[in-house]
Amino acid sequence: MAQQVSAFDAQFLNFETGTNLAHIAALTILDPSGRPGGTLTREDLVGLLKRRLHLAPPLRRRLVEVPFGLDHPYWAEDREVDFDYHVRELALPPPGDDHKLAEQVARLHGSRLDRGRPLWEIYLIHGLAGGRVAIYTKVHHAAVDGVTGAEVLAAVMDFEPEPSAVPGPETTAEPQPAPDAVEMVIRGVARVLDNPFALLRFAAEAMPRLDEVPFVAQLPGVGLLSRFVRRIGGGDAEPLPELPRMVVPRTPFSGPISRHRRFAFGQLPLDEVKRIKNAFGVTVNDVVMAMCATALRRWLAKRDELPRQPLVAGVPVSTRGQAGNGTVANEVMLTMTTLPTDVADPGERLLSVNRSMRLLKERLAAAPAAWLLEFSQAMPAALSALAARSAFRIASRTAPAMNLLVSNVPGPQTPLYVCGARVTALYPMSVITDVSGGINITVFSYDGKLCFGIVTDREMVPDVWDLIDYLRDSLAEYGALAAQHEPGAAEPGTPATRVAPAKPAKPAKAGKAAEPSKAVKPGKVTEQGKATAQGKATAQGKAAERGKAAERGKAGTPRRTAKAGAGAKGAGTSGAGVRGAEAAGGSRQEQDTVSKPRRTRKPPEPPSA
């Protein structure tokens, strides 16, 4: 008999509206130069899919709804797949650069999948610069999570240029049909009768874990209530690590989203990230999270929208391999953590991320975050869709549950091929919603690179490519700091991120974080070397305007400022130049992080990583 959609997977169907879309995707960039004719055709791709369709079951499954919505839908397997519908082809207009590709893919990502068919689509995209081609693959989140989505892609990929011979299906069993309408109604009624008891069980099990539930955890007294219930009902169990109360600040990407999307993508070297994590004694994921915090801090500061509080990020955590998840497509739980966008010092920002993630891991090790799965199972199917959409509307218009989603999915570290064309990059694309915020940053590691895919609401974040620039800048900045931590670069234990304290900034707007300095207008350096003064100088002291730029080379203080700017450029920019280090909205204190400091007393030791 056909498999029923699990209560947890059904939530991705329930919250979907015209604007809250629930599919995930991948943009695969291919170099077909090694193929006959130097290109990849739609016929090549369809032929490969037909030969390997049995390796990717989600591509054959179609939803069958239960009458009156009494129960969750079922998956029915189609005997034949309409490849003419599911596999499409298009071409970019010249010049076919990355921005044109991202614009086209964003439009595709903003359209819903047809629930009357298997929930996937593939687009073969020609016309990319350099003779490249791209494949955009979209699958509904109810059918796959990030890990199984990567497995679906792997089914059509090879480790060698020559496509390998794949054994056919082990059996010739008939496709599994869904139950008939009468049987589905009987099962649905039985589940409805059991739901009151399921709700009671959920209430009893959820009370000790209310401080993990987004939006609920922000309510006053919830943390105290959860601790009290754990204390009186914990018995001999080890106490759970306490989670800090997270207050989600308002940002330009908070609130209801539109149906339109923007997308940007980029690659960063994994070896450089590993060098940084070794120097600081943290994890790769800590470095990725700190880079995201840095990019978001600069983006917000540029708009004078930097909150005083840290941002709150939803972080999906894989539960794959745990017992009880065999029939669940999405073996993942949503956890919450802070992104220290309120911390000006980049080194302290990284250590803050490390502390937060260690606390989260300790909590999950003691008791997995299963509240969403338990709630899904307890909620009557007939009410779950209405409840999900209502909760989304209420949360988006009152207090946001989180500011954004950040996810890091591990991938293969060897080259892959599609029909003999080498995969040069694989960029993930995920979900934005009214509740999770108008930004989603997903990272996929592939062949020695970190592939970043950023999906945003079109109106909330119109300059999404700036975030890619800021991520590159952040990696360069942390790379320079890591060099100071490496053997022979500095005295062991000496912090490499301290700077002289800046002069107090003017009071900021209510709810916004004050920038350490507004000394020099970013980016205003002419070709002749002139730099216009903007009032008070940097944290290194006041510098009066001394005339033309040619005369400044003779003055000590201006020379020091130029040196600091050069240091910041080397450590805080990569590809984007000064625009990333200065025009990003980062403060002069941030830019001077890796500059030669003035003589001061030795600062205290940083917290241990």
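The values are calculated or read from the model by the stated rules, or taken from the named source; none is laboratory data. As the structure is a computational prediction, the values presented were derived from the model and not from experiment. Cβ placement follows ideal geometry from the backbone for every residue including glycine, while neighbour counts extend to all protein chains displayed. To get the accessible areas, we keep the full protein, side chains included, count just its heavy atoms, and leave off ligands, DNA and RNA. Shrake-Rupley method; radii C 1.70, N 1.55, O 1.52, S 1.80 Å.
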Boolean, P340 is of a type outside the set (S, T, N, Q), surrounded by fewer than 18 Cβ atoms within 10 Å (Cβ to Cβ) and modelled with pLDDT of 95 or more: no
Residues of the stretch 117-138 satisfying the condition of being part of a strand (DSSP E or B) and not hydrophobic (A, V, I, L, M, F, W, C): E121, Y123, H126, Y136, T137, K138
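Conditions tested, residue by residue: (1) under 30 Å from A425 (Cα atoms); (2) in a helix (DSSP H, G or I); (3) modelled with pLDDT of 75 or more.
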position	(1), (2), (3)
N278	yes, yes, yes
N325	no, no, no
L359	no, yes, yes
P368	no, no, no
Any hit, the stretch 55-69, residues being over 28 Å from A178 (Cα atoms) and open to solvent by less than 20 Å² (accessible area, probe 1.4 Å): no
All positions within the stretch 58-84 that are in a helix (DSSP H, G or I) and in contact with a strand residue (DSSP E or B) (Cβ under 8 Å, 6 or more places away or on another chain): P58, L59, R60
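So that you can scan it fast, the table gives a plain yes or no per residue for (1) open to solvent by 10 Å² or more (accessible area, probe 1.4 Å); (2) assigned to a strand (DSSP E or B); (3) hydrophobic (A, V, I, L, M, F, W, C):
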site: Y427; (1), (2), (3): yes, yes, no
site: F444; (1), (2), (3): yes, yes, yes
site: F452; (1), (2), (3): no, yes, yes
site: E459; (1), (2), (3): yes, no, no
site: D466; (1), (2), (3): yes, no, no
site: Y470; (1), (2), (3): no, no, no
site: A476; (1), (2), (3): yes, no, yes
Some residue of the stretch 73-80 being more than 24 Å from N408 (Cβ to Cβ), of a type in the set (D, E) and modelled with pLDDT of 95 or more: no
When residues of the stretch 136-194 are limited to those that are of a type in the set (S, T, N, Q) and modelled with pLDDT of 80 or more, the one farthest from R422 (Cα to Cα): T137
